[in-house]
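Reading through the structure tokens given below for one structure.
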Amino acid sequence: MRWLKSIAREIYGLFVDDGSFAGAIVAWLVIFVTLQREAEGARWAGPALFAGLGAILIESVLRFARQRTK
Amino acid sequence: MVLGLGHLEATRMGTTLVAAFLASLVECVEALTVILAVGSVRGWRSALAGGAAALLVLAGTIAALGPLLTRIPLHGLTRIPLPMVQLVVGAMILLFGMRWLRKAILRAAGLIALHDEEASFVRTAEAIREAGASAAHHPKGAHGLDKFAFSAGFNITMLEGTEVVFIVIAFGAGGAGLLLPASLGAVAALLVVAALGFALHRPLARVPENTLKFLVGAVLSAFGTFWVGEGMGIAWQGRDLAILWLAAAYMGIALCLVPLCRAHPVTMEE
């Protein structure tokens, strides 16, 4: 049974390492689903989705770097 | 038109195979590092037997549950609409890939410890030697196997193997006929790492894990973004080829962030 728990922990760890980072990604996806419904088929949708995710990655990494140096 | 569709299908299958191969490669390298460490200290027979037993258990589970997966109506034929599958699977792959990419950036910038195979091998071997002082007095199993080495080989293969199975299922659920290329990618990764382990017969320090994670993180993030977008109904320019620019863009961001993070301490002190 212990290895089953370890497997469950490993699988959770596959997706979530930093809770706020994972939360921000999910939140952006939820926001974007709503925005996308308003402007379906827009050419900017793909790049905009990527831009938001890229911004989340940048913010998370820089925040971690700042916290490390405080 | 038929040729175009065939080309698109081939691109999708090819990218799925490569992505599943790269993602599985990382997991296989991690498992093999531990098996090599255990084997070199406690004996190859028991460590390899543990790994083989776990592979058999995994294969049995897949053989039992695999046919069920192919019967699940993933393409909106009945209950689950394809966009929903793409959205959920894409989000999972996105979380998975972004997590790896973030960690790879932080490691490359020196903000967290580099998970180096050589160090991992030495640490595991030392832990096993220490444990061996007490385990040496324990009787061996019925087949003369070292219980510690067998258990360590079994556990690590089971853990990493389950992750590989999960990766294959996630990639395979992305579209019709993708389970086969995803499975082939994972099997190829297993064979490559097994051959590497056999050839090197010592730590896999020559495989730069962080470089691999950089690449895999960018590719998985690109796949995740693409599938999430497809699930939302986004019309990607260039269709599946958008995965290429997405991967390049993620890699570009990551490569720019590494020197920025390295420079951060100076900026903060100023």
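Quick notes on this structure:
- Coupling constants for segment A:36-44 follow from the phi torsions by the Karplus curve (6.51 cos²θ - 1.76 cosθ + 1.60, θ = phi - 60°), and in residue order they are 4, 5, 6, 10, 5, x, 5, 5, 7 Hz; glycine and proline get x.
- Counting beta carbons within 10 Å around each of B:Cys256, B:Cys28 and listing the fewest first gives the order B:Cys256, B:Cys28.
- Fewest-first sequence of B:Asp240, A:Asp17, B:Asp146 by Cβ atoms within 10 Å of each Cβ: A:Asp17, B:Asp240, B:Asp146
- Residues A:Arg9, A:Arg2, ranked from the fewest to the most other C-beta atoms within 10 Å, line up as A:Arg2, A:Arg9.
- Shielding of peptide B:233-244 by partners, expressed as the average count of other chain Cβ atoms within 10 Å per residue Cβ, is 3.
- With the simple spin-label model, which puts each label point 7 Å out from Cα in the Cβ direction, the B:Ala199 to B:Cys256 separation comes to 3.7 nm.
- The simple Förster model, with R0 at 51 Å and r as the Cβ-Cβ distance, assigns B:Ala59 and A:Val30 a FRET efficiency of 0.85.
FYI, it's all coordinate maths here, none of it is from the lab. From a predicted model like this one, the values you see are computed outputs, not experimental measurements. In this analysis, Cβ positions are derived from the backbone assuming ideal geometry, glycine residues included, and neighbour counts consider all displayed protein chains.
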